[in-house]
Amino acid sequence: MKHTSFIFLMLFTIMLSGACQNGVENENPVATTSSEQKTDNPTNEHFIHITPRQFKANHMQWGTAGEHEFASFVRTNGMIGVPPKNRAAVSPVFGGYVQSMNLIEGDYVRRGQVLFTLSNPEYIEWQQRYLQLKEQSAYLKSEYERQKQLYREQISSAKNFLKTQADYKTALAGKKALEKKLRMLGIDPTSLTENNMRSTVSVRAPISGYVSDINITKGEFTGTEKPAMEIWNTNHKHVEIKVFEKDIHKIRKGQKFLFNLPNNPEKTYTGTIFLIGKKIDPVKRYVNVHGHIDREKEAGDLLPEMFTDVRIIYETRRAQALPETAVLDEGDMKFILVKKGEKDGKIILEKIPAKTGKTYEGYVEILSPVLTKKDTVLVKGGFFLLRGDESGHEH
């Protein structure tokens with residue numbers, strides 16, 4: 001009985017072994033590793049088979065390696081700015097109570113447009129005093145001329161002449177000082193009479209631009225100690241770049257730079273270095289660099305004082321490259337897929353380890369392997385091949 005059981009067990013083991021050897025191979029609808037590769041292929045695991053249908057369904061594309069320009073950057077930050085002449089802080093020349101102000105931040109104003117009006121009883125006093133001095137200086141001038149003639153004829157004393165001269169010059173100086181003050185208020189002294197004196201003055205825009213930082217409220221007293229508002233003319237914008245001391249030797253006028261807003265890194269703008277500062281900040285150890293924006297009209301969404309990430313190109317070179325989509329990641333390794341031919345209606349791809357360098361403008365530097373123009377590389381759609389997608393994306 002024991003002998004019969006032993007024979008049965010041996011037969012079962014032989015049958016099980018044969019079943020394993022004759023089992024049906026698993027077929028991957030996306031990529032298969034052939035057991036019938038030619039003997040000159042190193043290892044079958046480095047080859048992938050795909051059908052033309054899979055190639056089309058996954059929007060794959062062929063390409064070849066070629067030379068592409070790669071840049072070296074100085075990475076830093078900056079801020080959108082406007083030239084000093086395009087920015088104005090508006091303050092009243094003399095303090096007063098805000099009588100009217102209908103602007104809000106963001107409003108556009110033209111040079112000479114009324115921004116707000118002020119009232120102050122002192123304005124009336126200055127006009128009244130000016131009219132008084134105007135009349136007084138006219139009388140004193142005639143008296144001065146009379147005393148000067150009498151003095152020349154030795155009819156009047158020098159004392160009387162000098163006193164009249166002093167009175168006239170004092171009144172004239174006071175009149176001229178008030179005349180300048182009234183002009184600063186926007187009041188024309190040449191047309192001023194006792195019937196058209198006014199207690200309100202208008203503060204006008206010194207430049208055209210957009211109103212910002214309004215610091216006044218209707219009815220409050222505003223003085224000269226702080227700006228009432230600011231005006232920014234954004235017709236011309238630039239980038240104020242901070243370059244640290246260790247990198248400033250790499251920067252030259254005329255170099256190109258790339259920049260983007262931190263909250264929108266996908267959109268990249270370009271510019272050109274225009275001016276390089278000659279002084280290093282003693283604390284933060286950076287130099288101010290001024291850059292002009294290329295195609296400025298297309299950068300209308302950039303606003304003054306926005307922060308930017310900046311890359312200044314200080315060196316370029318050409319190297320063998322492929323589109324970034326041609327390089328596939330598998331763990332810590334990178335690969336490219338090179339077409340080796342076709343067999344049994346399938347395309348044969350060789351998975352070759354790749355060593356990469358810099359990346360720039362959608363291309364990646366290929367340090368190895370060395371490729372020729374005869375090497376056809378899968379440059380798009382190869383991602384699913386390495387991840388083992390079973391669907392084949394053949395929908």
Margin query: Give me the net charge for the shell around TYR363: Cβ to Cβ below 15 angstrom, other residues only, Lys and Arg +1, Asp and Glu -1.
Written below: 0
Notebook entry, point to check: How long is the gain from LYS358 to ASN196 if the chain were fully straight, where each residue apart is worth 0.36 nm and the alpha carbon distance is subtracted?
Noted result: 50.8 nm
Next item on the list: Report the full-extension gain for the segment ASN235 to TYR108: residue separation times 0.36 nm, less the Cα-Cα distance, to one decimal in nm.
Entry: 44.5 nm
Next item on the list: Would you compute, for the Cα atoms of region 86-231, the largest minus smallest coordinate along each principal axis and list the three values in descending order, in whole Å?
Entry: 71, 30, 25
Notebook entry, point to check: What net charge do the residues around GLY78 carry, taking every other residue with its C-beta under 10 Å from that of GLY78, with Lys and Arg at +1 and Asp and Glu at -1?
Noted result: -1
Notebook entry, point to check: So how tilted is helix 121-152 from the main axis of the chain? Cα-based, degrees 0 to 90, rounded to 10.
Noted result: 50 degrees
Notebook entry, point to check: Pick from GLU122, GLU143, GLU153: which is most flexible by mean-square fluctuation in a GNM of the chain where alpha carbon atoms under 10 Å apart are linked?
Noted result: GLU153
Item checked: In sequence order, calculated HN-Hα J values of region 246-263 (Karplus, 6.51, -1.76, 1.60; Hz; x Gly/Pro) -> 5, 10, 5, 5, 8, 9, 9, 4, x, 5, 8, 9, 10, 8, 8, 7, x, 8
Next item on the list: At a Cα cut-off below 26 Å, give the lysines reachable from LYS256, other chains included and same-chain residues fewer than 8 away excluded.
Entry: LYS85, LYS237, LYS242, LYS246, LYS267, LYS278, LYS279, LYS284, LYS297, LYS358
Next item on the list: Search the structure for amide H atoms under 5 Å from the amide H of THR376, placed 1.01 Å from N in the peptide plane, and list their residues when 5 or more places away or on another chain.
Entry: LYS339
Notebook entry, point to check: Where the centroid of each part is defined by its Cα atoms, how far is region 86-133 from region 289-316 in Å?
Noted result: 37 Å
Item checked: Partner lysines for LYS134 [C-alpha distance under 26 Å; skip if fewer than 8 residues away on the same chain] -> LYS148, LYS159, LYS163, LYS169, LYS175, LYS176, LYS180, LYS181
Note to self: Taking the number of other C-beta atoms within 10 Å as the exposure measure, put LYS181, LYS339, LYS284 in order starting with the fewest.
What the structure shows: LYS284, LYS339, LYS181
Check: Contour minus end-to-end for LYS176 and SER119, with contour as 0.36 nm per residue of separation and end-to-end as the Cα-Cα distance?
Finding: 18.2 nm
Check: If we count every other residue with Cβ under 10 angstrom of LYS256's Cβ, Lys/Arg +1 and Asp/Glu -1, where does the sum land?
Finding: 0
Check: Using alpha carbons only, how many degrees (0 to 90, rounded to 10) separate the axis of helix 158-185 from the longest principal axis of the chain?
Finding: 30 degrees
Check: What ranking, highest mean first, results for peptides 102-111, 355-364 when packing means the other Cβ atoms within 10 Å averaged over each residue?
Finding: 355-364, 102-111
Check: ASP281 to ILE207: FRET efficiency via 1/(1 + (r/R0)^6), r the Cβ-Cβ distance, R0 30 Å, to the nearest 0.05?
Finding: 0.55
Margin query: So if the hydrodynamic radius of the chain is defined as the Kirkwood radius over C-alpha pairs, what does Stokes-Einstein give as its diffusion coefficient at 20 °C and 1.002 mPa s, in µm² per second?
Written below: 71 µm²/s
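A short reminder: the numbers here are calculations on the coordinates, not readings from a lab. Treat the numbers as computed from the prediction; the structure is a model and nothing was measured. Cβ coordinates were reconstructed from backbone atoms using ideal geometry, including for glycine residues, and neighbour counts include every protein chain displayed.
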